[in-house]
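Here the structure comes first, spelled out in structure tokens, and everything after it is commentary.
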Amino acid sequence: MHTRRTFLQTSLAATSALLADSLGVEMIAGAAAAVEFLAPGDADFAAARALYNGGIETQPKWIARCTSEAGVQQAVRRAMEKAGPVAVKGGGHSFEGLSLNDDGLVVNVAALNELRLDAKTGVLTAGAGCRLAEVNGFLMARGRFLPAGSCETVGLAGLTLGGGYGLFARKWGLTCDHLRAVRMVAGTGEIHDSRTEPDLLWACRGGGNGNFGVVTQLTLQTRIAPKGFSSWKYRAFNLNAREATALLAVWFEATAALPREAFSAWVMNGRQVTILLTTIGAREQQGLAAFRAKLTPVTDKASDAGTVPLAKALPRYYGEPGPQLFKNCSAGFYKGFADLEAALPAVFAEVLHEPGMIFQVNTLGGAIADGRGGAYAHRDCGYLGEQQAFWEDPAHAKSRIAAAGRIREHLAQAGVRRHYVNYPDLAFHDWPTAYYGEENYRRLQGLKRLYDPQNLIRHAQSVRLPS
């Protein structure tokens, strides 16, 4: 059996020949140290291509596995010779596979995973390939924390560039609100630093990934890690659509008074609803007590997980490592229950009748609403919905995806048209406005013209050049 080292040595010559014919790349020793170009059939191609969504079949022609910013720059410049396209891949969590393409080059930055912390200021410098569990472990060992999402393998860069919310965003704001600087290799092959280009920082605070360059490094302000984490769960069983609607209305009412340290999610899976409540503050704050008093009488089972150290609590929410077969997309931003009430009978009918369907609403608001600056356009909405469909047998994919499509249309007909760019759906109507709003999108288009005038960096929902 070949070892990995032997396999790389024996395949390097064949890979070099292929690239000489296709990309015009000469694999000299120095270049190979900064970037390695992989083609289908190479030993490490499948691993470099792998996505969290195991149902995505997109197959790029080449993957540039970069180990430095110089390697990213070289990869982009080689792609320029062939006019692209270039997709950007970090953690591989793009739900629609937008970090791959079928007819071009993928720049894989997973190896750019260095972490450095300034102990005096709490400022973190992170490579674009860092993943969330790595960041959490690194920071909490030093008494620091970065508010972010919950999936352990999600890439820090993609999460941050699209916004980044989670259990702690109501207290401290989005992950992108903690972003202080980025370095990026633009579609022109040039390196840009937001310290001297503030519009670039604005775009990277919620403007999404893979639009006009490859971010290689992020600088973020961290927080002092909270000591304890408390959580509760409430469950209701055997619900019909009417009962689920009534319970969701109670939940919306109860969340209005939650303290900023708290987070809640309402999750419907089949005929069961699970309600999560968490806090990093005092357990008996008035809003928390009122929430529990409202939910206990209208649910069938309540459980209290107590207070535990944050480092022990976080892995509970890391989820499955993947890959998984699923469809996951935004179900819209809401200001309140009235924004989606008209869609609920039809939405809940899909969840009740199609196995594997999940409908979820998460609390936003708090410090998120206070944030200023950045392309994230939804600070006025206190809630974010998402829908999920899971299957193990590929034969079930068609019916699950069809049900997800019907839910999307039910919401659109009810007027829900604003969506979270990190939960994309290729079928969204007018996705530029849905993700960014008209004004922000026009500004992003101006930066696209500046940083990527040839539209080299692109995917199905990347920012378009202005017409």
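The values are calculated or read from the model by the stated rules, or taken from the named source; none is laboratory data. For clarity, every value in this text was computed on a predicted model and none was experimentally measured. Virtual Cβ from ideal backbone geometry, glycine too; neighbours counted across all protein chains shown.
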- Task: Give K448, K398 a once-over and let me know the one that is touching a residue at least 12 places away in the same chain (Cβ under 8 Å) and over 25 Å from W266 (Cβ atoms).
- Result: K448
- Filter pass, C151 being among the hydrophobic types (A, V, I, L, M, F, W, C), outside any loop (DSSP other than H, G, I, E, B) and in contact (Cβ under 8 Å) with a residue 24 or more places away in the chain: no
- Output for Cβ contacts, cut-off 8 Å, separation at least six or different chains, first residue assigned by TED's automatic domain parsing to the domain that holds I280 in the stretch 223-251, second assigned to a loop (DSSP other than H, G, I, E, B) and among the hydroxyl-bearing types (S, T, Y), reads Y234/T299; R235/T299; A236/T299; L247/T299
- Those strands (runs of 3 or more DSSP E) lying entirely in the stretch 46-124 with at least 3 residues surrounded by 19 or more Cβ atoms within 10 Å (Cβ to Cβ): 62-66, 86-89, 105-108
- Task: Could you look through the stretch 316-355, keep only residues that are part of a helix (DSSP H, G or I) and aromatic (F, W, Y), and pick out the one that is modelled with the lowest pLDDT?
- Result: Y317
- Item | Positions within the stretch 246-267 being outside any loop (DSSP other than H, G, I, E, B), buried (at least 16 other Cβ atoms within 10 Å of the Cβ) and not aliphatic (A, V, I, L, M), in sequence order | W251, F252, T255, F263, S264, W266
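Each row is one residue, and each column tells you yes or no for (1) of a type outside the set (D, E); (2) assigned by TED's automatic domain parsing to the domain that holds G374; (3) farther than 30 Å from V107 by Cβ.
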residue: E392; (1), (2), (3): no, yes, yes
residue: I401; (1), (2), (3): yes, yes, no
residue: I407; (1), (2), (3): yes, yes, yes
residue: R417; (1), (2), (3): yes, yes, yes
residue: G446; (1), (2), (3): yes, no, no
residue: D452; (1), (2), (3): no, no, no
residue: P466; (1), (2), (3): yes, no, no
- Query: When you scan the stretch 154-245 for strands (runs of 3 or more DSSP E) that lie fully inside it, which ones turn up with 2 or more residues that are basic (K, R), surrounded by fewer than 19 Cβ atoms within 10 Å (Cβ to Cβ) and over 16 Å from the mean Cα position of the chain (by Cα)?
  - Reply: 228-236
- Message: I'd like the full set of residues that are within 16 Å of G228 (Cβ to Cβ), part of a loop (DSSP other than H, G, I, E, B) and touching a strand residue (DSSP E or B) at 6+ places or on another chain (Cβ under 9 Å), limited to the stretch 283-315.
- Response: R283, Q285
